[in-house]
Amino acid sequence: MKTIGYAASAAGAPLSPYAFERRALRPNDVAMEILYCGVCHTDLHMARNDWGWTTYPIVPGHEIVGRVIEVGPEVTRFKAGDAVAVGCMVDSCQRCDQCRKGEEQLCREGITQTYNCPDRMTGDITYGGYSKHVVVREEFVLSVPDGLDLSRAAPLLCAGITTYSPLRTWNVGPGSRVGVIGLGGLGHMAVKLASGLGAHVAVLSRSHDKQADARALGADELLVSTHKEAMVKAGSSFDLIVDTVPVRHDLNPYLPLLDVDGTLVIVGQVGPLEEPITTPLLLGRRRVAGSPIGGIAETGEMLDFCGRKNILPECEMIRMDAINEAFERMERSDVRYRFVIDMSSLPGRAA
Ligand code: NAP
Ligand code: ZN
Ligand code: ZN
């Protein structure tokens, strides 16, 4: 199937139109027309080769919502016309202990990422959701619950599940005290989801600028992380802190904020941090952890939860050709709180 997308051809190059083929349907494949795709900070990191493992050309995008146009003969759960979604994974081994318990994101053989990853059967590099169409095996396609606004649901597929999963892992519920570092795409979903689960939520931001937004999103308070006095006052007051900062940063100001047995879970920066001082970890039995996206079952659970509670991201809709400006704005944290690409702005259709 011929399709069109937007790709970067080198680390410093802007994204531009790119025509390519989607694979012919395998028996268990679902082909979908993409209606909307969210813009994750990972897309920016990967397009620019920040982590050193990008293969060019790269078609980013892993917050995908659309409609089924065709299914392979063995597909049982979907039919043409269904509203469906795809997140950060499109395949895994399906056999290891992690896959068998529904934690495909932790597959022992490694997941096949939605973009920039070799396909398990052909070795071809996967292309993501900044495109008109995508073909994905049934097991990695999710139903969008009835009533969830399709034009706003896409960011749930990465920002949503990446923050929902640690909230569930650390049993967040009524009475939990949750801090969220960085109020961006992931951060604002962490606030909405933690608040939806009944927790007391504080945003830890670099300034007061987002104070009113934090409240409107469901946070109980906003702490300015550079405000020493407020940070000291907040000592030992969190059970879980979700750290969404996308770059190298210093955890040391945040560790004393955890209560005994509290955990700071990193979901943002991939790579080095400033040197941690272990004193608050030892003396307070505090922990630092990490967490990648979430499994397919948990993603389905999150979508249902959002459907029931009508939890949706705050989106700024953009045209596909505005992606380079959107990347620049995202880098300056000038997005409240997720760009979503309207794929009808991208000309081109299946052959
Ligand atoms: P984003 O929308 O750009 O938000 C990041 C937020 O972090 C900003 O809004 C800002 O909040 C804060 N921030 C930005 N630069 C900072 C700096 N230099 N120092 C301190 N704080 C800073 O990004 P996102 O889409 O939420 O993604 C965040 C990170 O998560 C990215 O690195 C992305 O690759 C990663 N990610 C990981 C997973 C996973 O599986 N674990 C999944 C998706 C994304 P304030 O203005 O409030 O300070
Ligand atoms: Zn993402
Ligand atoms: Zn596996």
Per principal axis, largest first, the Cα atoms of segment 41-174 extend in Å by 41, 39, 33
In whole percent, the fraction of accessible protein surface over the chain that belongs to carbon or sulfur atoms, probe radius 1.4 Å, stands at 50
Computed over all unlike Cα pairs, the Kirkwood hydrodynamic radius of segment 106-161 in Å stands at 13.3
Rounded to the nearest Å, the spacing of the alpha-carbon centers of segment 104-128 and segment 307-331 is 25
Of ILE69, ILE241, ILE293, the most mobile residue in a GNM of the chain (C-alpha springs, cutoff 10 Å) is ILE69
Taking a crude spin-label model, label points 7 Å out from Cα along the C-beta direction, the GLU328 to ALA216 distance in nm is 2.6
Taking r as the C-beta separation of ARG287 and ALA10 and R0 as 41 Å, the FRET efficiency to the nearest 0.05 is 0.55
Expressed as a whole-number percentage, the relative contact order of the chain with C-alpha contacts under 8 angstrom and at least six residues apart is 19
If exposed means chymotrypsin sites (Phe, Trp or Tyr not before Pro) lying in a DSSP loop and surrounded by at most 12 other beta carbons within 10 Å, then the longest stretch of the chain lacking such sites spans residues 54-351
Share (percent) of C-alpha pair distances in segment 220-277 greater than 17 Å works out to 38
Computed over segment 117-221, the convex hull of the Cα set has an average projected area, in nm², of 9.1
With DSSP loop assignment and no more than 15 other C-beta atoms within 10 Å, the trypsin sites (Lys or Arg not before Pro) in segment 86-120 are ARG95, LYS101, ARG108
accessible surface per residue for the chain, probe 1.4 Å, DNA/RNA/ligands not counted, whole Å² -> 43
By the Cα gyration tensor axes a ≥ b ≥ c (a/c under 1.5 gives rounded; else a/b larger than b/c gives prolate, otherwise oblate), the shape of segment 169-248 is rounded
Nearest 10, in degrees from 0 to 90: the angle of helix 159-169 to the longest Cα principal axis of the chain is 50
Calc'd 3J(HN,Hα), segment 80-90, phi into Karplus 6.51 cos²θ - 1.76 cosθ + 1.60 (θ = phi - 60°), Hz, glycine/Pro = x, comes to 3, x, 5, 7, 9, 9, 9, x, 7, 10, 10
The answer for the per residue Cα convex hull volume of segment 203-351, in Å³, is 172
Segment 240-312: relative contact order from alpha carbon pairs under 8 Å, six or more residues apart, as a whole percent, is 31
The answer for GluC sites (Glu not before Pro) in segment 15-84 that fall in a DSSP coil and have at most 14 neighbouring Cβ atoms within 10 Å is GLU74
Under 5 Å from the placed amide H of ASP91, counting only residues 5+ away or on other chains, we find THR112
Cross-link reach from LYS233 to aspartates and glutamates, straight Cα distance under 18 Å and at least 8 residues apart if same chain, gives ASP220, GLU221, ASP259
Expressed in angstrom, Rg and Dmax over the Cα atoms of the chain are 19.9, 64
To the nearest 10 degrees, the tilt of helix 185-196 (Cα long axis) against the first principal axis of the alpha carbons of the chain is 70
Applied in sequence order to segment 23-30, the curve 6.51 cos²θ - 1.76 cosθ + 1.60 (Karplus, θ = phi - 60°) yields integer Hz couplings, x standing for Gly and Pro, of 5, 5, 5, 7, x, 9, 9, 10
Computed over segment 270-351, the Cα gyration tensor eigenvalues, each multiplied by 5 and square-rooted, give semi-axes in Å (largest first) of 36, 22, 13
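The values are calculated or read from the model by the stated rules, or taken from the named source; none is laboratory data. Computed from a predicted structure; not experimentally measured. For neighbour counting, all protein chains shown are included, and Cβ atoms are generated from backbone atoms with ideal geometry for every residue, glycine included. The accessibility values were calculated without ligands, DNA or RNA, using every heavy atom of the protein model including side chains. Shrake-Rupley method; radii C 1.70, N 1.55, O 1.52, S 1.80 Å.
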